[in-house]
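Structure first, commentary second.
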Amino acid sequence: MADLPRPGSRSRTSSAAVAALLAAALAAVPGGPAHAFTGGNHEAVTRAALPWEPVTLTAMADARSGAVNANDRPPYFDIGPLHCDNADYLAPRYARAYPRTRDEATTELLACIRTSVARFRAAVRAADGLVDAEGRVRADQSDLSAPCTWSETSDRAKCAVLEQLGRGWHPIEDFYSHSNWTDRAAPGPVSVDNPPGLGRTAPAPFLDIRRYSAMEDADWTRDARAHIPADLTTGCYPDFDSTGVKPADCDGRVPHDRVLNKDTAARARSTADDNFGHATAGATAEITRQWNDFEAELLSTYPDHDRGARMICALTHDDPAAACPDDLRK
């Protein structure tokens, strides 16, 4: 399985630059590390989740050039909320003097969710360019004969939608790899080196991205906060958090690198009770949910002339001009 390794040395991006990049990611205006699942694992999860035709699926999922892996390239790889990093916490019964509070950890997780909400909204807007006012597929906007470039400035609507979805799905997939949501803890006492496992099998209720996209930010963050378990943790990683702070190290905190992550099957946490399999299954089910919700949103947002249905057809087929007739009921 092909890997997409993160750079060995960390960039010295300033806090101001990080804040600007994160603000741009959260705004997600269309047109205008190895600390994640490897590129190969992101590809496997995404391919298993999506019933798309092969060229389009490769554009989304490919380990090295797919939209879902675009966040693992500079400058995005150094931004913790784009990978659900640094939402680490241990309750007082496990670590009396843990250096971060539950509220600080939750704030980082909400920042991660916020990136996916913003990308979802942007993808819905970008989809408007896939078809004309009468609902006919625009061949020039849905053609993939030339590769998409994930630069936030695509000249084709299909590339723009794929990029927004891929960048929004990346942190969601990382959440399952980087958190203890699906985990079982290793034998022995709970500690920063062996955080508790929540053992959840259902998709995380605070990743209800479609519903949150229709809500005011204050409202959905309140809802999400209420669904985050007290013992949920992701790992500390020396990248920039949502405030622009980059920890020099993760001493005294649940570390991503040597403890919590399940970015490959060989990681220590991965081998405990098949935690790698649990994380992969959770991420796959989650992306299936996210795609189904995006389909539903297009149908709801663009009902006239079957525009939403034809957008879905254009996004899932390699030759939409031929595969998506003017009347999809034929």
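May I ask you to evaluate 6.51 cos²θ - 1.76 cosθ + 1.60, the Karplus curve with θ = phi - 60°, for each residue of segment 55-70 and list the ³J(HN,Hα) values in order in whole Hz, giving x for glycine and proline?
Each residue's phi maps through the Karplus curve to give 5, 5, 5, 5, 4, 7, 9, 3, 4, 10, 10, x, 4, 5, 9, 5 Hz.
Whole Å is fine, so just give me how far the alpha carbon centre of segment 268-330 lies from that of segment 100-160.
Each part reduced to its Cα centre gives a spacing of 13 Å.
Give me the net charge of TYR302's neighbourhood, meaning all other residues with Cβ under 10 Å from the Cβ of TYR302; Lys, Arg count +1, Asp, Glu -1. Walk me through the numbers on the way to the answer.
Details: positive: ARG307, ARG310; negative: ASP128, GLU297, ASP304, ASP306.
The answer is -2.
Rg (Å, one decimal) plus Dmax (Å, integer) for the alpha carbons of the chain?
19.6, 65
In debye, nearest 20: dipole of segment 103-231 around its Cα centre with unit charges on the Cβ of K, R (+) and D, E (-)?
Details: 15 positive and 21 negative charges, 66 e Å.
Result for segment 103-231 is approximately 320 debye, rounded to the nearest 20.
Just add up the charged neighbours of ASP293: K/R +1, D/E -1, any other residue whose Cβ is under 11 Å from the Cβ of ASP293.
-1
At 222 nm, what value in deg cm²/dmol follows for the chain if DSSP H runs of at least 4 each add -39500 (n - 2.57) and the sum is divided by all its residues, to the nearest 500?
Counting only the DSSP helices, I get -13500 deg cm²/dmol.
Laboratory data are not the source of any read-out in this text; all were calculated from the coordinates shown. Given the structure is predicted, the values throughout are model-derived calculations rather than measurements. Note that we place each Cβ from the backbone using ideal geometry, even for glycine, and neighbour counts take in every protein chain shown.
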